[in-house]
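So the structure is just underneath, and the comments pick up after that.
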Amino acid sequence: MSTWGGKRTGGGRPSGSGRYGVPTKAVRVPEHMLADIQRFVEYQGYQLPLYSSRVRAGSPSLADDHVEMRLDLNDYMVKHPAATFFVRVAGDSMVNAGIFERDLLVVDRSLQAESGRIVIAVVNQELTVKRLQKTKTGCELIAENPAYPPIIIKAGEELHIWGVVTHVIHDV
């Protein structure tokens, strides 16, 4: 009988005595995903504290340190994961809507592109972000910067809407 390798009764660390204090299981993951997985575990699934206190934008007030819950931004910003994608903004045509160069847009392909919504559209084989305005004669894609004219889509012309912008993420 070999005494090398294999499982031995009573061998190894006691279950739950490691870093996390609970039983663990070894798994094999692609090396390029290791940092993302470690970050996921460290942040408990990317859930961050959401405080029940409101932050005043006017006169300051004392804040209490009561955590209402833990918030996963994916749960908050992504309602339809299979239909959601992110895209980075290039240009300044939407600055008056609070969308700036290098902002990250959360886009939901499952939402109806209604008049007045900000959408990602394909125009002349290029993606653009604009406000959709439906008219009697077709549609217009409206920039939120007076330096840019509307893009007029007449009846019979093709317009492909890739999705509706649901959130804008930018540095302050």
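The mean sequence separation of alpha-carbon pairs under 8 Å and at least six residues apart, normalised by the residue count of segment 81-169, gives a relative contact order of 32 percent. Of the GluC sites (Glu not before Pro) found in segment 97-172, those in coil by DSSP whose Cβ has at most 14 other Cβ atoms within 10 Å are GLU101, GLU114, GLU157, GLU158. Partners of LYS136 within straight-line reach, counting lysines whose Cα lies under 20 Å from its Cα and excluding those fewer than 8 residues away in the same chain: LYS154. Taken about its Cα centre, segment 81-169 carries a charge dipole of roughly 180 debye when the Cβ of each Lys and Arg holds +1 and the Cβ of each Asp and Glu holds -1.
Summing charges over all other residues whose Cβ lies under 9 Å from the Cβ of GLU140, with Lys and Arg as +1 and Asp and Glu as -1, gives +3. The residues SER110, SER93, when put in order of fewest to most other Cβ atoms within 10 Å, stand as SER110, SER93. For segment 81-169, the Kirkwood estimate of the hydrodynamic radius, built from every pair of different alpha carbons, is 13.1 Å.
Since every read-out is calculated from the coordinates, none of them should be taken as a lab result. Note that the structure is predicted; figures quoted are calculated from it, not measured. Reconstructed Cβ throughout: ideal geometry from the backbone, glycine too, with neighbour counts over all protein chains shown.
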